[in-house]
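The values are calculated or read from the model by the stated rules, or taken from the named source; none is laboratory data. The structure presented is a predicted model; accordingly, all values stated were derived computationally and were not measured. Don't worry about glycine lacking a Cβ; one is built from the backbone with ideal geometry, like all the others, and counts go over all protein chains shown. Heads up: the accessible areas ignore ligands, DNA and RNA and are worked out on the full protein's heavy atoms, side chains in. Shrake-Rupley method; radii C 1.70, N 1.55, O 1.52, S 1.80 Å.
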Amino acid sequence: AVLAFHVRAHAARPNKRSLAFTKVAREWRCKYAMGADGGPGESAALKAAQALLEEYLPTLKALPNAEVTRVVCGGCGDFKVIVNQPADDHGAWSEDEFKPEAEFLAKLGTIDGCTRVEAQEFTMEML
């Protein structure tokens, strides 16, 4: 099952109780099984997740003002794709149901060794 977390985000105006932000990110993630050697180097699940990302990367990079980042942890088995955009552009993507998120996550969930497939939204600022 795919878990999705969505928080309607709007650029906040600084005041005593809020943090200002200009960018909102959407993260797609899973846990991948380590390879036979106990590490990520021979992980078939990680290789398949990366191949899936490469398939969708042109679409993600074509989103308005999108910065696409991949995070892989060789210790805990995290595979993450983060799409960070200005809040207004992200809002438009949100209205389009973050396409192709559902399709990507469904395919990620069919990869043998990929578990805990989830999506989450958060603000992400360069400081």
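Would you confirm whether any residue within the stretch 18-36 is in a loop (DSSP other than H, G, I, E, B), of a type in the set (Lys, Arg) and either buried (at least 18 other Cβ atoms within 10 Å of the Cβ) or modelled with pLDDT under 95 (or both)?
No, that holds for no residue.
Tell me yes or no: at least one residue of the stretch 49-57 is more than 21 Å from Ile111 (Cα to Cα) and either open to solvent by 60 Å² or more (accessible area, probe 1.4 Å) or in a strand (DSSP E or B) (or both). No, there is no match, as no residue in the stretch 49-57 is more than 21 Å from Ile111 (Cα to Cα) and either open to solvent by 60 Å² or more (accessible area, probe 1.4 Å) or in a strand (DSSP E or B) (or both).
What are the residues in the stretch 112-126 that are open to solvent by 20 Å² or more (accessible area, probe 1.4 Å) and out of contact with any Cys (no Cβ under 8 Å at 6 or more places or on another chain), if any? Of everything in the stretch 112-126, those that are open to solvent by 20 Å² or more (accessible area, probe 1.4 Å) and out of contact with any Cys (no Cβ under 8 Å at 6 or more places or on another chain) turn out to be Asp112, Gly113, Gln120, Phe122, Thr123, Met124, Glu125, Met126.
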